[in-house]
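Visitor: The structure under discussion is supplied below as structure tokens; questions concerning it will follow.
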Amino acid sequence: MTVGLRLFLSSAGFGIAIALAYWFTSREIVGTFMLGVMAFGLSFVAGYMIVAEREADLIGDEKNATMQSGAGELVGTYTVTSPLPLGSAVAVTCIGLGIVVSPAIAVLGILAVLAFGALFVIQSR
Amino acid sequence: MASNWLIFLAVGACVGVIVLGLILFPLVRWRRRPGDAEPPQFANNYPLEITWTVVPLLMVGGLFVATYRAEARIDAVAVHPAAIVAVDAYRWGWTFGYRGGPTVGGASSGPASLGVIQKMPELVLPLGETTRIELSATDVDHGFWIPDFLFKRDAIPGQTTVFDLSPTKLGTFEGRCSAFCGLQHESMLFRVRVVSPSAFVAWEKAQR
Amino acid sequence: MGESAEVSAVAVPAMPEAVERHDLLSWLTTTDHKRIGILYLLTSLAYFGVSGILSLMIRTQLARPNNTFVDAHQYAQLFTLHGTAMIFLFVAPFAFGLGNFLIPLQIGAADMAFPRLNATSYWLFLFGGLVVFLGAATNEGAAASGWTAYPPLSEIRVSTGLGQDLWIVGVFLVSVATIVTSINFVTTVFIFRAPGMTMWRIPIFTWEMIATSLLVFMAFPSLAATLLLLFVDRHMGGHAFDPAYGGSPVLWDHLFWFFGHPEVYVMILPYFGVISEIVPVFSRKPIFGYTGLVLAAFAIAGLSMGVWAHHMFTTGVVNNPFFAFVSFLIAVPTGVKFFNWIATMWRGSISFETPMLFAIGFLLNFLIGGITGVMLASPPIDYQAHDSYFVVAHFHYVLGGGSLFAIFAALFFWWPKMFGIKLDETLGRWCFGLLFVGFNVTFLPMHFMGVMGMPRRVFTYDAGGPLPILNLIATCGSYIMFAGVSLFVVNAIVSARARIPVGNDPWNANSLEWWTTSPPPEHNFESLPPIRSERPVYDARVARS
């Protein structure tokens, strides 16, 4: 069991424990609900990691690995520069501002977000 | 309640002085001198680490017990109070509605220092007896704070908060709003006047 | 469009054709975690500068009673923007910027897991802050209901202006940015560690960033949802917080503080990490109690989710003893960290370069802030102290005396790695001195002001009694702090002119970022040492000698 999974499992356990402790000491619905959602979210991540970990095999977890043992492995690809981040952020900000100031800006923002989102996905292929 | 403050101040001061000493001592005793060899590279001491987890745990346990007791005393609400006052906070003043008695209060007209004749709402309380306060607000959150009583409660629209005041000293005390409520928040002052029980009865009669 | 490069996580031969561009366009389109980190740091420092000016205006108004420097409405905008900017736009984003720069370097990775999302987070943070401040340009001014925006005060009937709505949108954008960044951090550390860099060998700073990210996952969605609720209340006929329709202002208190309390730990855990990196280097010893520090970080994170209503002790409708108990408990892991740092210095060989001076200042200030925090965890004490200057003193001691000092420690420590030049040491010591003295002169009197009955968020106070002189002293302290901060700016400019270059490891430090050049190449590492402990650079130095 990786350290990361242990982290989320124990966090989920703690979340469940504190949600129950809070309910039985306070009978207060708002806090219990929030703690419950938190416990659920942590449990979900832990559950997902249990499934995902069956395939995982990380070079970082091998105590005596060296540079050479990890060399040549393809870890991933990354972009060096991209206009998508700035563009998407402007678009999302337009949605927010538009909701407050002018619906036209919001609509432009939504269209731009859809366009940039599509480009993000296309470039990831 | 003052005793709770004193307990915490005493414990806090002791802990503070000890930890301060522990921080300053190494800085003086082991400051680097030219030609110093590398110091011993220890990084663990499990008995020590367990001790400095368990001892603070016991200390906060003790503080919690003291706190719980003090709070139980302060929050207790008597079954048969001598007087009941409905306190209503609004932008920007206070009304005090005495059950079976007068309703007094109103807006306050600026901080005491302005030199303007103070028209301040006044809450009159009988000495040595329990007055139940039923606190609420009409518009936004306010705070009912009497610093000399070391006590406050929030006045929240849509709910009535109940607590007891049992003053032990005669005199006039300042009250103010503690929760930011808008542009005249700092002038939302009131006065608390503690009088003898007979003077209290006389005052109530005189308001009619 | 975007170029892509396939990279393996380890030894990469130098690519002679790759020349790093320095023009504006390359910065606007960067996805390099180091550049994004620097952008975060510079932007958050700029927001700090603006918010600092706001705080000087606040202190100037409060220098004497019945002052007319600003009026009540301007004052309300000042403290709202000051709190919002310091919390959402400076202390937390600075930590995320530091994490952005350092995490891949500290674990031996080439970049973050999601570089384009990383950049998107930064721009959302920048724009979110601008949207908040945009409120100041509207007719009715910026948001003026405090950084906590309690309804009904923040509802449309009372806060009628656009400023409150812009505040909601701006803070919402920053929340989204923060959540995305935290996803990036956790994924990167879980997946992209170099060979031999097991989880129990990563630096304490990286562990603290994981704990911080966990807190963000648990807390920030609540903030985002709560902001939406307020917006619906204001403009779409919602009544979540309106008692006339069955809602309650206390609902906001629960939802906001469910986020708000973990948020303050988001603002301190990274800086515990900074201290944990700096103290060992300048004591020439390993960090004491590595496992204890990691467990304490997660104990703090977990417990901090269960204390939110200690901000609501005076409402009379929450289970005070439950929250008092859990709030007291948090003091224990925090104390464990303090003892670990002290034990790191114990029998060490301590030198007092500027990063270490600021780290010591952190320890001294945070000690006071921590003690007043334990006091505030007691409801009977909180009945007096809540909404008074005692609380203002407490949180400024932990955020100003704590986080801010760690921020300066981090700046002096990692500036050489980021920019390849050293900051001037003499100016650095003067900066520390002015800040330490100025900070304590400003905020120590506030404890007494609070206990004497001065509430928060007031633009004037009684002329009688000791409040005027205490406030005047605090104002003088704030001007001294301004001098200290200005000296840092001078230092940055002077050092940039002097351009004294530094090697890979000017401090004889421990973690992987000190293995590579200053500044690092675009892909971070040309080579990596063997990683067999949490101090691979130290181990390599020992092996060489």
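Bear in mind these aren't lab numbers, they're just calculated from the coordinates by the rules spelled out. What you see is a predicted model, and the numbers here were worked out from it, not measured in a lab. Please note: Cβ atoms are built from the backbone with ideal geometry, for glycine as well, and neighbour counts cover all protein chains shown.
Visitor: Given a Förster distance of 51 angstrom, what is the FRET efficiency for C:LEU228 paired with B:THR103, based on the Cβ-Cβ distance and rounded to 0.05?
Guide: Step by step, r from the Cβ atoms, then E = 0.80.
Visitor: Another question, then. With +1 on each Lys and Arg Cβ and -1 on each Asp and Glu Cβ, and nothing else charged, work out how big the dipole of the protein assembly as shown is about its Cα centre, in Debye to the nearest 20.
Guide: 1560 debye
Visitor: Can you compute log10 of I(q)/I(0) for segment C:409-472 with the Debye formula, treating each Cα as one identical point scatterer, at q = 0.19 Å⁻¹?
Guide: -0.75
Visitor: At a Cα cut-off below 22 Å, give the lysines reachable from B:LYS152, other chains included and same-chain residues fewer than 8 away excluded.
Guide: List returned: B:LYS169.
Visitor: With θ set to phi - 60°, apply the Karplus curve 6.51 cos²θ - 1.76 cosθ + 1.60 along segment A:17-30 and write out the HN-Hα couplings as whole Hz, x wherever there is a Gly or Pro.
Guide: 4, 6, 5, 5, 4, 5, 5, 6, 8, 10, 6, 10, 6, 5
Visitor: Additional query: Say a paramagnetic label sat at a point 7 Å from the Cα of B:ARG69, along Cα to Cβ; which residues of segment C:378-409 have their backbone N under 18 Å from it?
Guide: Hits in segment C:378-409 for B:ARG69 at 18 Å: C:378-381.
Visitor: Can I ask one more? Please arrange C:LEU404, C:LEU134 by counting, for each residue, the other beta carbons lying within 10 Å of its beta carbon, fewest first.
Guide: The most exposed by this proxy come first: C:LEU134, C:LEU404.
Visitor: Hey, another quick one. What angle do you read, to the nearest 10 degrees and between 0 and 90, between the alpha-carbon axis of helix C:405-419 and the longest principal axis of chain C?
Guide: 30 degrees
Visitor: Find how much the distance from C:ILE469 to C:THR291 grows on full extension, using 0.36 nm per residue of separation minus their present alpha carbon separation; answer in nm with one decimal.
Guide: On the way: separation 178, 0.36 × 178 = 64.08 nm, distance 4.75 nm.
Result: 59.3 nm gained on full extension.
Visitor: Given the C-alpha centroids of segment B:170-208 and segment B:74-101, what is the distance between them in whole angstrom?
Guide: Taking the Cα centre of segment B:74-101 as reference, the centre of segment B:170-208 is 11 Å away.
Visitor: For the protein assembly as shown, take the convex hull of the Cα atoms, compute a quarter of its surface area, and give me that in nm², please.
Guide: Working: hull surface 146.4 nm².
Averaged projected area of the protein assembly as shown's Cα convex hull equals 36.6 nm².
Visitor: Helix check for chain B. Which DSSP H runs span at least 15 Å along their own axis by Cα, with a mean Kyte-Doolittle hydropathy no less than -1.0? It would help to have the intermediate numbers written out before the result.
Guide: Details: long enough: B:2-29 (40 Å, 2.08); B:46-75 (43 Å, 0.73).
For chain B, where a helix must reach 15 Å along its axis and average at least -1.0, the hits are B:2-29, B:46-75.
Visitor: Evaluate the relative contact order of chain C (contact order divided by residue number), counting alpha-carbon pairs under 8 angstrom at least 6 apart; express in whole percent.
Guide: 16 percent
Visitor: Charges on Cβ only, +1 for Lys and Arg, -1 for Asp and Glu, centred on the Cα centroid of chain A; of A:MET38, A:ILE59, A:LEU108, which one is farthest towards the dipole's positive end?
Guide: Of A:MET38, A:ILE59, A:LEU108, it is A:LEU108.
Visitor: Please give the FRET efficiency for B:ALA202 paired with A:ILE29, using the beta carbon to beta carbon distance and R0 = 30 Å, rounded to the nearest 0.05.
Guide: Calculated value: 0.05.
Visitor: Still on this model: Where does segment C:87-208 land on the Kirkwood hydrodynamic radius, alpha-carbon pairs, in angstrom? Spell out each step's value before the answer.
Guide: Numbers: mean 1/r = 0.0625 Å⁻¹.
Across segment C:87-208, the inverse of the average 1/r is 16.0 Å.
Visitor: Additional query: Can you tell me the FRET efficiency between C:THR187 and C:LEU24 if r is taken as the Cβ-Cβ distance and R0 is 30 Å, rounded to the nearest 0.05?
Guide: According to the calculation, E is roughly 0.50.
Visitor: Further question: Taking Rh as the Kirkwood radius, which is the inverse of the mean 1/r over Cα pairs, what is the Rg/Rh value for segment C:331-484?
Guide: 1.03
Visitor: What whole-number value in cubic angstrom gives the convex hull volume per residue for the C-alpha atoms of chain C? Please list the in-between numbers first.
Guide: On the way: hull volume 83.5 nm³, N = 545.
Given the Cα convex hull of chain C, per-residue volume reads 153 Å³.
Visitor: On a 0 to 90 degree scale, rounded to 10, what angle separates helix C:320-345 from the longest Cα axis of chain C?
Guide: Once rounded, one gets 30 degrees.
Visitor: Under 27 Å Cα-Cα from C:LYS422, which lysines qualify once same-chain neighbours fewer than 8 residues away are excluded?
Guide: Here the lysines satisfying the reach criterion relative to C:LYS422 are C:LYS34, C:LYS285.
Visitor: Now a separate question. Please enumerate, by chain and number, the aspartates and glutamates with C-alpha under 12 Å from the C-alpha of C:LYS417, excluding those fewer than 8 residues away in the same chain.
Guide: Within the straight-line cut-off, C:LYS417 pairs with C:ASP505, C:GLU513.
Visitor: Mind checking the full-extension length gain between C:GLN74 and C:THR60? Use 0.36 nm per residue of separation minus the Cα-Cα distance, one decimal, nm. Working shown, then result.
Guide: Working: separation 14, 0.36 × 14 = 5.04 nm, distance 1.30 nm.
Stretched fully, the C:GLN74-C:THR60 segment lengthens by 3.7 nm.
Visitor: Quick one: order C:ASP462, A:ASP57, B:ASP139 by neighbouring beta-carbon count within 10 Å, fewest to most.
Guide: Ascending Cβ contact count within 10 Å gives the list A:ASP57, B:ASP139, C:ASP462.
Visitor: Still on this model: Only Lys, Arg, Asp and Glu count, each charged at its Cβ (+1, +1, -1, -1), so figure out the dipole size of segment C:458-545 about its Cα centre, rounded to 20 debye.
Guide: 280 debye
Visitor: Charges at C-beta only: +1 for Lys and Arg, -1 for Asp and Glu. How large is the resulting dipole of chain C about its Cα centre, in Debye rounded to 20?
Guide: 1120 debye
Visitor: Over chain B, with a Gaussian network built from C-alpha contacts below 10 Å, which listed residue (B:PRO197, B:PRO40, B:PRO102) shows the highest mean-square fluctuation?
Guide: Evaluated over chain B, the most mobile residue of the options is B:PRO40.
Visitor: Once you put a point 7 Å from the Cα of C:LEU364 and another 7 Å from the Cα of A:ARG6, both along the Cβ direction, what distance in nm separates them?
Guide: About 4.0 nm, to one decimal.
Visitor: Let me ask you something else. Exposure proxy check: C:THR29, A:THR25, A:THR2 ranked by fewest other beta carbons within 10 Å?
Guide: A:THR25, A:THR2, C:THR29
Visitor: Let me ask you something else. Which angle between 0 and 90 degrees, to the nearest 10, do you get for helix C:162-191 versus the longest principal axis of chain C when only C-alpha atoms count?
Guide: Long axis of C:162-191 versus the principal axis of chain C: about 30 degrees.
Visitor: Taking the Cβ of C:PRO355 as the center, what net charge do the other residues with Cβ under 15 Å away carry, scoring Lys and Arg +1 and Asp and Glu -1? Each step should come with its number before you reach the end.
Guide: Working: positive: B:ARG32, C:ARG284, C:LYS417, C:LYS422, C:ARG429; negative: C:GLU277, C:GLU353, C:ASP424, C:GLU425, C:ASP505, C:GLU513.
Result for the neighbourhood of C:PRO355: -1.
Visitor: With no solvent and one point per C-alpha, what does the Debye sum give as log10 I(q)/I(0) for segment A:20-125 at q = 0.12, 0.20 Å⁻¹?
Guide: The calculated log intensity ratios at q = 0.12, 0.20 Å⁻¹ are -0.88, -0.97.
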